[in-house]
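Here's the structure we're looking at; comments come further down.
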Amino acid sequence: MKVLKGVAFIVLVFFSSLLGTVFLLFPLIPLAWIAPKLWRLAADRLVGFWLTFPCALIEWVFGVKFRVTGDLIDRDEPAILIMNHRTRLDWLFSWNALYKMDPWLLTSEKISLKAPLKMIPGAGWAMSSGCYIFLDRNFEKDKPILERIVKYYSQSGNKYQILLFAEGTDKGERATHLSHAFADKNGLPRYEYVLHPRTTGFRFLMDMMKKENYIKNVYDLTIAYSGTIVDTEKKLLGGNFPDKVHLDVKKYKLDDIPEGDGCEKWLTNLWETKEKRLKKFYEKEERLEASGHRFEWPETTSGIGYFVCFSFWVVASLLWIGAIYSLLWVKIYVTCAIVFYIASLRFYNGAEFVFLNCFEARSNRHDQERSKTE
């Protein structure tokens, strides 16, 4: 039974993301050139609507509980979200927490992810259309990508919250060993529940967003799990879900964070405190004390949002599959959409760079026209 649950989850998420990308996002792609700001608005909302579907499956269908506490994340202000990376699926479970706080956060959050994830058919293509940040975990290679995307976010007129995993990777066995080696070499304590954070990337992103006048707050997110810790996709496929996910949020104003080297020290101290909190959670209480304004959202999500989303994606996916099976022109259309996303990966390193190029070209053309009139 557990395996059937896991397989059902993966199949539903895979097909809904693939079909949604093809039938909802792909037809709107001309807007990326004609009206890039309208494209960004439409793509963000469609991606956010799809994100609600795995949220509905995790909580409403598979019964995972979520205890969300602390400060409310303001979706109308650009910000950095920093979170410990206990498992490879933390970002998946964080969507439920954001939905509890404010469903619109699913349209304004942008996640930094490992670059290979953009190659996943459907979900990877959808997140590329959403212009998520895919990184190679090589600072010199990632730096120009961050610069371009932050500038794009700023000039698009939208207020985004960028989720950054400051540890750089999830807390797997190899990463833990490397973190211990780093600690031993630099005379730092070994951590058992987090990895030592990579401060350079955080500082660079802070400086870049300040340069663009595109940051108001930094939110520290602490995530922890009761019951099974689902640290790999294989465990998820086997039908393993945590009993409860705990997520606590602490808001910091820019004035609370030092400039320069002090910014890196601030992050290091924050992670030291996070290690102590998680040690207390896993060894004693299994409860994160609420931070900041100490809000605590109900563990049961109310309203009809999950029902509407679940119903739409199941029914729409069945209709789309039926159309593909029975109509030749739909087969041709789907083939064109798939070719576009594969070609984007092959020639542009992802669809997000196609949209970036369109936006930058149009902005440059407007600048040239403005300079001529002046």
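The values are calculated or read from the model by the stated rules, or taken from the named source; none is laboratory data. Please read these numbers as outputs of a predicted model, since none were measured by experiment. So basically every Cβ, Gly included, is an ideal-geometry build from the backbone, and we count neighbours across all protein chains shown. Protein only, heavy atoms only, side chains kept; ligands, DNA and RNA dropped before computing areas. Shrake-Rupley method; radii C 1.70, N 1.55, O 1.52, S 1.80 Å.
Looking only at residues of region 58-74 that are under 21 Å from Leu288 (Cβ atoms) and part of a helix (DSSP H, G or I), we find that the one that is most open to solvent (accessible area, probe 1.4 Å) is Glu59.
Looking only at region 286-295, which residues are open to solvent by less than 100 Å² (accessible area, probe 1.4 Å) and of a type outside the set (Ser, Thr, Tyr)? Steps first, please.
First, the residues of region 286-295 that are open to solvent by less than 100 Å² (accessible area, probe 1.4 Å): 286, 288, 290-292, 295.
Answer for region 286-295, where residues must be open to solvent by less than 100 Å² (accessible area, probe 1.4 Å) and of a type outside the set (Ser, Thr, Tyr): Glu286, Leu288, Ala290, Gly292, Phe295.
Checking each residue in region 131-151 for being buried (at least 21 other Cβ atoms within 10 Å of the Cβ) and more than 22 Å from Ile120 (Cβ to Cβ) picks out only Val150. Checking each residue in region 318-335 for being of a type in the set (Phe, Trp, Tyr) and open to solvent by less than 80 Å² (accessible area, probe 1.4 Å) picks out Trp320, Tyr333.
Whether any residue in region 115-126 is open to solvent by 10 Å² or more (accessible area, probe 1.4 Å) and among the aromatic types (Phe, Trp, Tyr) is what I want to check. Within region 115-126, one or more residues are open to solvent by 10 Å² or more (accessible area, probe 1.4 Å) and among the aromatic types (Phe, Trp, Tyr).
Residue-wise test of (1) at pLDDT below 95; (2) over 31 Å from the mean Cα position of the chain (by Cα).
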| residue | (1), (2) |
| --- | --- |
| Ala323 | no, yes |
| Leu328 | no, yes |
| Ile332 | no, yes |
| Thr335 | no, no |
| Val339 | no, no |
| Ala343 | no, no |
| Asn349 | yes, no |
| Cys358 | yes, no |
| Asp367 | yes, yes |
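Of the residues making up region 15-24, those that are touching a helix residue (DSSP H, G or I) at 6+ places or on another chain (Cβ under 7 Å) and either closer than 17 Å to Cys309 by Cα or not in a helix (DSSP H, G or I) (or both) are Phe15, Ser16, Ser17, Leu19, Gly20, Thr21, Phe23, Leu24.
So in region 249-277, with the set limited to residues that are over 17 Å from Met83 (Cβ atoms) and of a type outside the set (D, E, K, R), which one is surrounded by the fewest Cβ atoms within 10 Å (Cβ to Cβ)?
Taking region 249-277 and keeping what is over 17 Å from Met83 (Cβ atoms), we get 253-256, 258-265.
Now restrict to residues that are of a type outside the set (D, E, K, R): 254, 258, 260, 262-263.
On the way: Leu254: 14, Pro258: 11, Gly260: 9, Gly262: 11, Cys263: 18.
The extreme case among them is Gly260.
Here Ala97 fulfils each of the conditions (1) open to solvent by 10 Å² or more (accessible area, probe 1.4 Å); (2) farther than 24 Å from Lys210 by Cβ apart from (1).
Residues in region 277-293 include at least one that is in contact with a Ser or Thr (Cβ under 7 Å, 6 or more places away or on another chain) and without any contact (Cβ under 8 Å) to a residue 60 or more places away in the chain.
Looking only at residues in region 190-210 that are part of a loop (DSSP other than H, G, I, E, B) and in contact (Cβ under 8 Å) with a residue 40 or more places away in the chain, the one that is most open to solvent (accessible area, probe 1.4 Å) is Glu192. Would you confirm whether any residue within region 238-250 is without any contact (Cβ under 8 Å) to a residue 40 or more places away in the chain and of a type in the set (Asp, Glu)? Checked against the condition, which is being without any contact (Cβ under 8 Å) to a residue 40 or more places away in the chain and of a type in the set (Asp, Glu), region 238-250 yields no hits at all. Looking at region 41-57, can you tell me whether even one residue there is buried (at least 16 other Cβ atoms within 10 Å of the Cβ) and over 20 Å from the mean Cα position of the chain (by Cα)? So far as region 41-57 goes, no, none of its residues is buried (at least 16 other Cβ atoms within 10 Å of the Cβ) and over 20 Å from the mean Cα position of the chain (by Cα).
For region 34-47, the set of residues classified as in a helix (DSSP H, G or I) and over 27 Å from Asn240 (Cβ atoms) consists of Ile34, Pro36, Lys37, Leu38, Trp39, Arg40, Leu41, Ala42, Ala43, Asp44, Arg45, Leu46, listed by residue number. Take the residues of region 102-114 that are surrounded by 19 or more Cβ atoms within 10 Å (Cβ to Cβ) and hydrophobic (A, V, I, L, M, F, W, C): which is nearest to Tyr306 (Cα to Cα)? Filtering first and then ranking leaves Leu106.
Only one residue in Leu247, Leu221, Leu270 is among the aliphatic types (A, V, I, L, M) and assigned to a helix (DSSP H, G or I), so which one is that? Quick ask: steps written out before the conclusion?
Details: Leu247 fails: assigned to a helix (DSSP H, G or I); Leu221 fails: assigned to a helix (DSSP H, G or I).
Criteria check complete, one pass: Leu270.
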